[in-house]
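Each reported figure results from applying straightforward, stated rules to the coordinates on display, with no laboratory input. All of these numbers come straight from a predicted model, not from anything done at the bench. Cβ placement follows ideal geometry from the backbone for every residue including glycine, while neighbour counts extend to all protein chains displayed.
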Amino acid sequence: MKFEHVDGQDRGKIVLYALSTCVWCKRTKQFLGNLGVGFDYVFVDLLQGAEKESAMAELDKWNPRRSFPTLVINGEKCIIGFKEDEIKEALR
C-alpha cells in the first residue's frame, strides 16, 4: 500500500492509519506536523481492492476494532484516537 510521507525530525517509524473524512484523524495529522516529526500516513477509506484489504489486515494487528485514527510508533506502541498527551509522551 502507498503511504504518504511528511518530512520532519526522525523520531522512529511513525505510521498513521486515518480516514480522509475524520476530524480526529485530521487533528492527529496536524498535531504530528506541528510537533515537527516525520511520519507516514494512509487514508484507508481512499484505498481500493487488495490495497484496502492489506491496510485493514495491518490495522487489525494493532486495533481489531478498526477505529480511527490509529497511530503506530516504532512498531511497539499503538495510540487509538486523538490523545495529545499520550502522543507527546510516546515521541519523547
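Some values worked out for this structure:
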| read-out | value |
| --- | --- |
| Sum of side-chain charges, N74 neighbourhood, beta-carbon under 9 Å (Lys, Arg +1; Asp, Glu -1) | +2 |
| GNM top mover of G38, G81, G49 - the chain, alpha-carbon springs below 10 Å | G49 |
| Footprinting exposure proxy for Y17, Y41 (fewest neighbouring C-beta atoms within 10 Å first) | Y41, Y17 |
| Over the range 10-56, relative contact order from alpha-carbon pairs under 8 Å, at least 6 apart, % | 45 |
| Estimated [θ] at 222 nm from DSSP helical runs (n ≥ 4, -39500 (n - 2.57)) normalised by residues in the chain, nearest 500 | -11500 deg cm²/dmol |
| 12 Å Cα-Cα reach of K61 towards aspartates and glutamates, excluding residues that sit fewer than 8 places from it in its own chain | E76 |
| Percent RCO, i.e. relative contact order, over the chain, from Cα pairs under 8 Å lying at least 6 residues apart | 34 |
| Residues D85 and T21, FRET efficiency given R0 of 30 Å [Cβ-Cβ distance, rounded to 0.05] | 0.75 |
| Options (1) 39, 27, 25; (2) 70, 45, 25; (3) 36, 24, 23 - which one matches Cα extents along the principal axes in Å as calculated here | (3) |
